[in-house]
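Peer 1: Structure below; questions to follow.
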Amino acid sequence: MKRLVLAGGGHAHLAVLEHFAKAPVANLELVLATPSRYQYYSGMLPGWLAGHYAQAQCRIDLAALAARAGARLIQAPVRQLRADARTLELGDGGRLAYDLLSLDVGSATEVSALQALGDKLLPIKPLDAFFARWPDVLQAAQARAGFCLVVVGGGAAGLEVALAAAYALRGASCTASVHLVASESGMLAGHAPSVQQRALRCAQAARLNLHFQRAEGHQDGVRLADGQLLPADCVIAATGAQAHAWLESSGLNLDAAGFVQVGADHRSSSHLQVFAAGDTCARNDLMLQKSGVHAVRAGPVLAHNLRAAITGAALRSYVPRRHTLYLLACGPRQAIASWGGLSAQGRWVWRWKNHIDQGFVRRHSLAKSGSKPAG
Ligand SMILES: Cc1cc2nc3c(=O)[nH]c(=O)nc-3n(C[C@H](O)[C@H](O)[C@H](O)COP(=O)(O)OP(=O)(O)OC[C@H]3O[C@@H](n4cnc5c(N)ncnc54)[C@H](O)[C@@H]3O)c2cc1C
């Protein structure tokens, strides 16, 4: 009997669980170790903030998926990985040995410059914690005239969250102001200029206060690079992905930012028994954006390769497409589409996004185990 441990219930592991549910491998013990029973779908978080979705619509029940795959679910985070000894230490005090390990543990939010904010700081990840804390922020904004919310981060997540929060605060009749702090490179760096212009118009229409300079945390708010202090009641950090600190002592090859180095087959470049996908990995053959799209698309390849690592079959490569489609929610039921140099916008883009996002959650919630023989 061999043991395959899936650490994290991230996007790629959804495909892995479904793969093993449809076609179990004989003499394989499957274990899923993850902190929460639910996997929240980040693409729907802005829609939840804006009030378009209930929280339960934005998540996938990992317990049900694990049960269908015949996997044992351990509801605890990995706290320590010792790749040479092939063991994990978990948050519940348990120790777990493995023959094969797959990491899809996502990333944390990079908040090193914002620590001085203390309780005012609300990192966008982990998503469970964000879902739990936002209702209190909304309540505080309703209770206090002139509430000031600052969102730090000029990427897609920061923009979507700022627009959704502004929409929610207006809908709750709050007299609140919302600031979006992006760096000097502006909003949505890496997207086409037409996407950036659409985003700017949306931000202006939502009356976001925009700041294009770096921010540092302060006990009263954020200090901008020009010295101005922006007092804030709450600061949401959507400041990009940071590798989990426990990877540092894992013994795995990591890139300069601490993410697990993998090849095109998503196998660790240092340990043959370890695979990684999603935000937690860094490809050594190309630069892969930290995005849900890549985590989802790498899923079936990861599933195949985990099976192949057990059965001795050939591994496959995950080959990303040249352009990735991003559908950015704008607060009300409107969205911007960004694909390479092309962009579009409107209610129909929102309906498209809604169809994809709800379809994704529904597919993983309703999937049944298949009847293929073990192999
Ligand atoms: C607001 C927002 C909107 C976004 N919208 C989009 C979008 O529209 N399109 C897009 O492509 N990307 C989007 N992203 C980026 C996307 O969220 C990430 O790139 C994606 O979630 C990465 O998937 P993942 O599987 O690597 O990790 P995650 O989806 O973060 O999953 C990680 C899993 O690991 C678990 N975990 C965490 N720590 C541990 C631990 N120590 N031990 C065990 N398990 C652990 C978590 O509970 C979770 O189950 C958005 C991000 C945000 C914040």
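Peer 1: How many angstrom separate the Cα center of the range 101-118 from the Cα center of the range 272-313?
Peer 2: Spelled out, the Cα-based centre of one part sits 21 Å from the other.
Peer 1: Can you sort GLU29, GLU248, GLU216 by solvent-accessible area, 1.4 Å probe, largest first?
Peer 2: Working: GLU29 50, GLU248 155, GLU216 110 Å².
Greatest to least solvent exposure: GLU248, GLU216, GLU29.
Peer 1: Go ahead and collect, in residue order, the members of the range 31-58 whose backbone nitrogen is under 18 Å from a label point 7 Å along the Cα-Cβ direction of ALA172.
Peer 2: 45-56, by backbone N distance to the label point.
Peer 1: Quote to one decimal, in nm, the extra length available between ALA308 and GLN75 on full extension: 0.36 nm per residue of separation minus the C-alpha distance between them. Numbers along the way, then the final one.
Peer 2: Numbers: separation 233, 0.36 × 233 = 83.88 nm, distance 2.70 nm.
Going from the current span to full extension adds 81.2 nm.
Peer 1: So how much slack lies between ARG3 and SER317, counting 0.36 nm per residue of separation and subtracting their Cα-Cα distance, in nm? Can you show the working numbers first?
Peer 2: Values: separation 314, 0.36 × 314 = 113.04 nm, distance 2.34 nm.
Between ARG3 and SER317, full extension yields an extra 110.7 nm.
Peer 1: Mind checking which of THR280, THR239, THR87 has the largest fluctuation in a GNM of the chain, springs on alpha carbons under 10 Å?
Peer 2: Result for the chain, Cα springs under 10 Å: THR87 fluctuates most.
Peer 1: So, with +1 on the Cβ of K and R and -1 on the Cβ of D and E, and no other charges, what is the size of the charge dipole of the range 109-237 about its Cα centre, to the nearest 20 debye?
Peer 2: Numbers: 10 positive and 10 negative charges, 77 e Å.
It works out to roughly 360 debye.
Peer 1: So what is the relative contact order of the chain, in percent, for Cα pairs below 8 Å that sit 6 or more residues apart? Write down the numbers at each step before the final one.
Peer 2: On the way: 815 pairs, mean separation 80.1, N = 375.
Reported as a whole number, the value is 21 percent.
Peer 1: Another one. Once the mean 1/r over all distinct Cα pairs of the chain is inverted, what Kirkwood radius in angstroms do you read off? Don't skip to the end; give the middle numbers.
Peer 2: On the way: mean 1/r = 0.0465 Å⁻¹.
Hydrodynamic radius (Kirkwood, Cα pairs) of the chain is 21.5 Å.
Peer 1: Right, here's the next one. Once you charge only the Cβ atoms, +1 for Lys and Arg and -1 for Asp and Glu, what is the size of the charge dipole of the chain about its Cα centre, to the nearest 20 debye? Mind showing how you got there, number by number?
Peer 2: Working: 37 positive and 24 negative charges, 275 e Å.
My answer is approximately 1320 debye.
Peer 1: Taking the range 4-75, which trypsin sites (Lys or Arg not before Pro) meet the DSSP loop condition and have no more than 16 other C-beta atoms within 10 Å? List each step's numbers first, then the result.
Peer 2: Details: sites: LYS22, ARG37, ARG59, ARG68, ARG72; in loops: ARG37.
Listed in order of number, the matching sites are ARG37.
Peer 1: Provide the per residue accessible area, probe 1.4 Å, for the range 109-237, rounded to a whole number of square angstrom.
Peer 2: Numbers: 5650 Å² over 129 residues.
Value for the range 109-237: 44 Å² per residue.
Peer 1: Can you tell me the FRET efficiency between HIS355 and ALA64 if r is taken as the Cβ-Cβ distance and R0 is 25 Å, rounded to the nearest 0.05? Write out the running numbers ahead of the final one.
Peer 2: On the way: r = 23 Å, r/R0 = 0.91.
Result of the calculation: an efficiency of 0.65.
Peer 1: Defining a contact as two alpha carbons under 8 Å apart and six or more residues distant in sequence, what relative contact order in percent does the range 281-354 show? Walk me through the intermediate numbers first.
Peer 2: On the way: 72 pairs, mean separation 12.8, N = 74.
Value for the range 281-354: 17 percent.
Peer 1: Still on this structure: Which percent of the accessible heavy-atom area of the range 95-200 goes to carbon and sulfur, probe 1.4 angstrom?
Peer 2: Summing carbon and sulfur atoms, their accessible area is 54 percent of the total for the range 95-200.
Peer 1: Rounded if a/c is under 1.5, else prolate if a/b beats b/c, else oblate: with a ≥ b ≥ c from the C-alpha gyration tensor eigenvalues square-rooted, which is the range 218-375? Please list the in-between numbers first.
Peer 2: Working: a/c = 2.21, a/b = 1.30, b/c = 1.70.
Oblate, since a/c reaches 1.5 and b/c is not below a/b.
The values are calculated or read from the model by the stated rules, or taken from the named source; none is laboratory data. Since we're looking at a predicted model, the values are computed, not measured. Here the Cβ is made from the backbone with ideal geometry for all residues, glycine too, and neighbour counts use every protein chain on show. These accessible areas exclude ligands, DNA and RNA; they are computed on the full protein's heavy atoms, side chains included. Shrake-Rupley method; radii C 1.70, N 1.55, O 1.52, S 1.80 Å.
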